[in-house]
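Please read the structure below before turning to the comments.
Throughout, read-outs are computed from the coordinates displayed, never taken from laboratory work. Remember, predicted model here, so these are calculated numbers, not experimental data. Here the Cβ is made from the backbone with ideal geometry for all residues, glycine too, and neighbour counts use every protein chain on show.
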Amino acid sequence: MTTSALYDRSAQDAAASVIANYSTSFSLATRLLGTRVRGHVRNVYALVRLADEIVDGEAERAGLPADAQRRLLDEFEDETFRAIDRGFSTNLIVHAFALAARECGIGEDLIRPFFASMRTDLTETSHDAASHDTYVYGSAEVVGLMCLQVFVNAGRPAPVSPDAELVEGARRLGAAFQDVNFLRDLADDRGRLGRDYLGIGDGATRAEVLARIDHDLDVAALAIPRLPSDCRRAVTTAHGLFAELARRLHDDDGAQRVSVPTPVKATIAVKAMAGFPPRRTDA
């Protein structure tokens, strides 16, 4: 193995470690991806996770004020673009993301909105309908679009653009994931972070948010069967996990954070492996 290949593999191993430690559900879904795409999807999510830690997690717990967090985020974004340009970063997670971006055509049009939404977390504590949609596009929909770029382009000699139905499905799935997380983390976001992403009690209602989630999941379900075969089972599993969370949120009284028990997760994954289509609420 060449030194370059060893460094690339080490970077991708670091990205896989981040995901394995931070999200059991996502780690389960990515294990169902084909080897063609699995590493690059982990690379994307590791970068997203680290950016989120700057604005929501470890940087704050380390006592860094908002202006210091912003500088760190700006530096992280700048290093991401430098790594894509030159094909190397001393930050292993950034290096791994650059591998995915360069091969799969993940460009500035997707990366800039993501960092813009992360930056919003340092200055905005509440959202109306318009700012919610802008935030969710940058924080979640573009992440779905980055993964779609990987699904369509990993292993190709040159990247191509996904078709409109796949793009819409990726956006809707990302938005549903984000709104589910907002709803299940509502108490913590308000209490610990002082943030209100959904505007519940100030215009929006819980029922309206859940109806939007169900609609987004249904639109995504229509597109998933059109994904490359080595991606469908994993995306169907992820869709199923969040559809189950949404179902439980419909019955939730808000007393505790809802979750999907491990046996239920396993059943969802087994059904996806067996070729069952994504569950739809409008079927």
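Of the candidates 233, 86, 172, which one comes out as most mobile in a Gaussian network treatment of the chain with C-alpha springs shorter than 10 Å?
So, out of 233, 86, 172, the one fluctuating most is 86.
Considering the chain as a Gaussian network with a 10 Å cut-off on Cα pairs, which listed residue, 185, 109, 121, attains the greatest mean-square fluctuation?
Highest fluctuation of the listed residues: 109.
Return the FRET efficiency for the residue pair residue 160, residue 86: r is the Cβ-Cβ distance, R0 is 25 Å, and the value is rounded to the nearest 0.05.
0.55
Pick out which of 11, 59, 100 has the largest mean-square fluctuation in a Gaussian network model of the chain, springs linking Cα atoms closer than 10 Å.
Per the Cα network of the chain with a 10 Å cutoff, 59 tops the list.
Which of rounded, prolate or oblate describes segment 1-148 when judged by the alpha-carbon gyration tensor and an a/c cut-off of 1.5? Spell out each step's value before the answer.
Numbers: a/c = 1.66, a/b = 1.46, b/c = 1.14.
Prolate is the answer for segment 1-148, as a/c is 1.5 or above and a/b outweighs b/c.
What number, rounded to the nearest 500 deg cm²/dmol, is the helix-based mean residue ellipticity at 222 nm of the chain, given -39500 (n - 2.57) per DSSP H run of at least four residues and division by all its residues?
Rounded to the nearest 500, the figure is -22500 deg cm²/dmol.
Only Cα pairs under 8 Å and at least 6 apart count here; give the relative contact order of the chain as a rounded whole percent. Numbers along the way, then the final one.
Values: 369 pairs, mean separation 52.2, N = 283.
Relative contact order, the chain: 18 percent.
Residue 68 versus residue 251, label points 7 Å from Cα toward the beta carbon: distance in nm?
4.6
For segment 3-273, taking Cα atoms only, what is the radius of gyration to one decimal and the Dmax to the nearest whole Å?
18.0, 57
Can you bin segment 155-283 into rounded, prolate or oblate? Criterion: square roots of the alpha carbon gyration tensor eigenvalues sorted a ≥ b ≥ c, rounded for a/c under 1.5, prolate for a/b above b/c, oblate for the rest.
Numbers: a/c = 2.10, a/b = 1.55, b/c = 1.35.
Prolate shape, in that a/c is at least 1.5 and a/b is the bigger ratio.
Say each of residue 6 and residue 112 gets a label point 7 Å from the Cα, pointing the same way as Cα to Cβ; how far apart are those two points in nm?
Between residue 6 and residue 112, the simple spin-label model gives 4.0 nm.
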